[in-house]
Structures are given as C-alpha cells and as structure tokens.
1. Return yes when Pro62 is of a type outside the set (Val, Ile, Thr), loosely packed, with under 14 Cβ neighbours inside 10 Å and at pLDDT below 85 and no when it is not.
2. Regarding the stretch 85-97, can at least one residue be identified that is of a type in the set (D, E, K, R) and at pLDDT below 85?
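The values are calculated or read from the model by the stated rules, or taken from the named source; none is laboratory data. Just so it is clear, the model here is predicted, and its values are computed rather than measured. Every residue, glycine as well, gets a Cβ built from its backbone with ideal geometry; the counts of neighbours run over all protein chains shown.
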Amino acid sequence: MRTVNGRQLTRSQSNRRIAGVCGGIAEYFDIDPTLVRVAFVVAALLGGPGLLLYVVLWIVLPKGPVGPPSAHISGRHPAAAVRIAEERFARGEISAEELHQIRSDLMGV
C-alpha cells in the first residue's frame, strides 16, 4: 500500500462503526470521519458505487494499528488541543500539572 509522509492508508481499529474503512480514510486525510461516512451513504443512496467501494476497501485495506489515531483526535490536531490547554493555563483555569498531563496524553511527551 502506498504511503504518504510515512502514513499508510489502513482500516481504523479505534474509529470504526462497521469495518473501519471510513475511519481509516478520515485519519489518512485528517478529516472528520462523519463526513466520509455521509459521503459513502449519499453515494450508495444515489445509486453510486458507495456500497461496492466500501466492500472493496474493506477487503483491500489492511488493518491499522490498535490504539488511538496518532495524528487525529476527535477531529482536531493534538497541537491545537495543547494550544487550548496552554491558553487555559495562562488564564489560571488549569494547573501546571494538568497542563503537563494534557501534553503527555496528546503529544506523547
């Protein structure tokens, strides 16, 4: 399978509803998986190749690694979440320990 920037298109093991195809595509292109799911449903309802394409990708795509997606957390980049946490720390809403915990959870630091 082709890789881009060290990433490989795989079926998501952490963001899946049926087989992880839409979650894997969303993680690869760094978009919301709901958009991918809606696109497949609309394509299937309009007589397009949505269902057939989904089944083919289910067969062709390898399973991805188990665990949370590395660059995609709930539709946002980890760096954006860390920036928000830093802003909350600057306003005194969270402690330094909480900021450190957020950084380590999101960035693996």
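1. Details: of a type outside the set (Val, Ile, Thr): yes; loosely packed, with under 14 Cβ neighbours inside 10 Å: yes; at pLDDT below 85: yes.
So Pro62 passes the test.
2. So in the stretch 85-97, the residues of a type in the set (D, E, K, R) come out as 86-88, 91, 93, 97.
Retained after the next criterion (residues that are at pLDDT below 85): none.
The answer is no; no qualifying residue exists.
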